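So the structure is just underneath, and the comments pick up after that.
Any read-out appearing in this document is the output of simple, stated calculations on the displayed coordinates, not a laboratory observation. What you see is a predicted model; the values in this text were computed from it and never measured. Cβ: placed from backbone, ideal geometry, glycine included. Neighbour counts: every protein chain shown.
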Amino acid sequence: MDRQQAWDILCEFTKTESLRKHALSVEAVMRAYARQQGEDEERWGIVGLLHDFDYEIHPTADQHPVEGSKILAARGVPEEIRYAILCHADHTGVERKSALDKAIFAVDELTGFIIAVALVKPDKSLGLVDAPSVRRKMKDKAFARSVRREDITNGAAQFGVALDEHIAFCIEALKPVVGQLGLNP
């Protein structure tokens, strides 16, 4: 499987621009972590791109991403990719074993939260976002209330990286794709 095939699957099942942007943001950070860790950047990026591909057709916890995994299996998507996608959601109960499994969980909620912080900055500038500003917003339970803060903190811990370091890394990894995300540098 290559990125174009993954993008085609994402676009087939994901029609909203916001969810596609989320996929692009998670892909960017997953690729950056793959480079840092000497892992397969294409595989890690595909996991990021496809992790929520079925959310619009399976929006409930009893379906997403389990039912989506069946669709991917029928399309010949490798087991390692499907397994990692199952790992991004705590409710699946799938054990995170590999660095890939841990990374997708660590990155998913945090990228969305970082983008939400950027969107409330002047000119929607990612350049004005840093780890302390993200940490402050995490304490504000009314801000981006659907984001599970415990997933952000647990994700960093399971991935074995300090939270502030993880936040800073994710911000930097998003900078090359700010235009695709509707943000300014």
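Conditions tested, residue by residue: (1) charged (D, E, K, R); (2) within 20 Å of Tyr83 (Cα to Cα).
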{"residue": "Asp2", "(1), (2)": "yes, yes"}
{"residue": "Ser18", "(1), (2)": "no, no"}
{"residue": "Val29", "(1), (2)": "no, yes"}
{"residue": "Gln36", "(1), (2)": "no, no"}
{"residue": "Trp44", "(1), (2)": "no, yes"}
{"residue": "His51", "(1), (2)": "no, yes"}
{"residue": "Asp54", "(1), (2)": "yes, yes"}
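Under 30 Å from Glu165 (Cβ atoms) and surrounded by fewer than 23 Cβ atoms within 10 Å (Cβ to Cβ): which single residue out of Asp52, Asp62, Asp90 fits that description?
On the way: Asp52 fails: surrounded by fewer than 23 Cβ atoms within 10 Å (Cβ to Cβ); Asp62 fails: under 30 Å from Glu165 (Cβ atoms).
Going through Asp52, Asp62, Asp90 in turn, just one is under 30 Å from Glu165 (Cβ atoms) and surrounded by fewer than 23 Cβ atoms within 10 Å (Cβ to Cβ): Asp90.
So which of Thr60, Thr111, Thr92 is hydroxyl-bearing (Ser, Thr, Tyr) and under 22 Å from Phe143 (Cβ atoms)? Walk me through how you get there before you give the answer.
Values: Thr60 fails: under 22 Å from Phe143 (Cβ atoms); Thr92 fails: under 22 Å from Phe143 (Cβ atoms).
The conditions single out Thr111.
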Count, please, the residues in region 102-133 that happen to be within 16 Å of the chain's Cα centre (by Cα), free of Cβ contacts under 8 Å to residues at least 60 places away in the same chain and buried (at least 19 other Cβ atoms within 10 Å of the Cβ).
5
Total residues in region 145-156, condition in a helix (DSSP H, G or I) and under 19 Å from Thr92 (Cβ atoms):
5
What number of residues in region 134-144 are outside any helix (DSSP H, G or I) and either under 11 Å from the mean Cα position of the chain (by Cα) or in contact (Cβ under 8 Å) with a residue 12 or more places away in the chain (or both)?
2
